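J.: Just dropping this structure here.
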Amino acid sequence: MYQKTDIPDIFLKIMNFIDSHTHAYMLSGRDLELMGLSGVNTAVLCSFVPVAKYAETLMDHFTELDTVHRARLSEYGITAHIFVGIHPRCIPEEWRRLLPIIGECIEAGKAKGIGEIGLEKANETEIEVLKEQLILAREYDVPVIVHIPMQNRAKITDKILSMANEVGMDLGKLVVDHTDDDTIDLINEANAVPGLSVKPGLLTPEKIATNIDKYRNGLLNSDCASLTNTDPLAVPKTARHLMKAGIEKAIVERLSNRNAQNILKG
Ligand SMILES: [Zn+2]
């Protein structure tokens, strides 16, 4: 039987979560409503379309995020922060044409940062595309959200960190997302920001609680998208688990709100 005392403190006093990496533009109204009601009042929308042969596909997608989905999320009480970029899994043939467009989105205040970018197979084209976008991040002094794949994770994380160093960007603005026990030390040692995607096959609330000292500088997120088996409520559920596991409230607040706020404020 449900008892009032079972409600962790954080749900009575905070109810103010930031989901720092989503594709919530793919979600149903029902899912967005549940996110809003669960206290997710800010969500980062990372650009991604599964197929983008033409640069125009991503140009339209960037516009759609700003003009359609920002308003749609706000109907459910969620403030959207938009990140635009070229994901390694959907690199158009004429991808270079997108670089000035990404810059324009930032200058016009439509995008807060660059993402989701990163490496999947780490081939020559992907490396070139990532490098140009890291240079843009340095020029505009904005945060980036970088994807690491499910294979060769430590090696690819290492590659991304050294590329960010080589272009001279602020590693405090480099969120390396989809981290897990295999990559967290590399990211912490480089003074980059760990993105903590809580989703099947990756990080779990239990792993975070067990190694809280390693994960305390991270940004919790769901990476939710209708194309994958993800949970739009991953952030509030993880916060609840951490509170129940006895993690200090201030640390839970940092993971589920403050750390992301620091990245997004610039
Ligand atoms: Zn993603």
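J.: What is the distance in Å between the Cα centres of region 68-83 and region 165-222?
T.: About 25 Å separates the Cα centre of region 68-83 from the one of region 165-222.
J.: Tell me the mean residue ellipticity at 222 nm calculated for the chain from its helices only (DSSP H runs of n ≥ 4, each -39500 (n - 2.57), averaged over every residue, nearest 500).
T.: Helix contribution divided over all residues of the chain: -11000 deg cm²/dmol.
J.: A further question follows. Largest first and to the nearest Å, give the Cα extent of region 45-167 along each principal axis.
T.: 42, 28, 26
J.: Under the rule of at least 5 residues apart or a separate chain, name every residue whose amide H is placed under 5 Å from the amide H of residue 81.
T.: Close amide H contacts, sequence-distant or interchain: 43, 44, 45.
J.: Let me ask something additional. Kirkwood hydrodynamic radius, computed over distinct alpha-carbon pairs, for region 112-166: how many Å, to one decimal? Don't jump to the answer; show the numbers that get you there.
T.: Working: mean 1/r = 0.0891 Å⁻¹.
After inverting the pairwise mean of 1/r, the radius is 11.2 Å.
J.: Order by neighbour count: 226, 162, 20, fewest other Cβ atoms within 10 Å first, most last.
T.: Working: 226 13, 162 10, 20 35.
Ranking 226, 162, 20 by Cβ neighbours within 10 Å, fewest first, gives 162, 226, 20.
J.: Here's a follow-up. Compute the length gained on full extension between residue 261 and residue 202: take 0.36 nm times their separation in residues and subtract their Cα-Cα distance, giving the result in nm to one decimal.
T.: Between residue 261 and residue 202, full extension yields 18.9 nm more.
J.: Here's something else I'd like to know. Could you check the spin-label model distance between residue 79 and residue 135? Points 7 Å from the Cα along Cα→Cβ, value in nm.
T.: Taking the two extended label points, one gets 3.4 nm.
J.: Assuming R0 = 22 Å, what is the FRET efficiency of residue 60 and residue 28, from their Cβ-Cβ distance, to the nearest 0.05?
T.: 0.50
J.: Next question, about the same structure. Which values, in whole Å and largest first, are the semi-axes of the equivalent ellipsoid of region 194-266 obtained as the square root of 5 times each eigenvalue of the Cα gyration tensor?
T.: Over the Cα atoms of region 194-266, the ellipsoid semi-axes are 18, 16, 10 Å.
J.: If you don't mind, another one. Counting other beta carbons within 10 Å of each Cβ, put 54, 215 in order, fewest first.
T.: Details: 54 13, 215 23.
Final ranking by Cβ density, sparse to dense: 54, 215.
J.: Would you grab the residues whose amide H sits under 5 Å from the one on residue 111? Only those 5+ places off in sequence or on another chain, please, with H modelled 1.01 Å from N.
T.: Result for residue 111 returns 106.
J.: Give the cross-link partners of residue 214 among the lysines, using a straight C-alpha distance below 23 Å as the criterion and excluding same-chain residues fewer than 8 apart.
T.: 155, 159, 173, 199, 237, 244, 249
J.: Next question, about the same structure. Please compute the length gained on full extension between residue 155 and residue 72, using 0.36 nm multiplied by the number of residues separating them and subtracting their Cα-Cα distance.
T.: 26.0 nm
J.: Going by how many other Cβ atoms sit within 10 Å of their own, how do 97, 254 line up, fewest first?
T.: By the 10 Å Cβ count, ascending: 97, 254.
J.: Right, here's the next one. If you average 1/r over every pair of different alpha-carbon atoms in region 117-203 and take one over that average, what Kirkwood value in Å do you get? Mind dumping the intermediate values first?
T.: Working: mean 1/r = 0.0786 Å⁻¹.
It works out to 12.7 Å.
J.: Which residues does the label zone of residue 16 cover in region 64-97, counting backbone N under 18 Å from a point 7 Å along Cα→Cβ?
T.: 77-81
J.: I've got another one for you. Based on alpha-carbon atoms only, what is the radius of gyration of the chain relative to the globular estimate 2.2 N^0.38 Å?
T.: 0.96
Laboratory data are not the source of any read-out in this text; all were calculated from the coordinates shown. All values reported here derive from a predicted model rather than from experimental measurement. All Cβ positions, glycine included, derive from the backbone under ideal geometry; neighbour counts span all protein chains shown.
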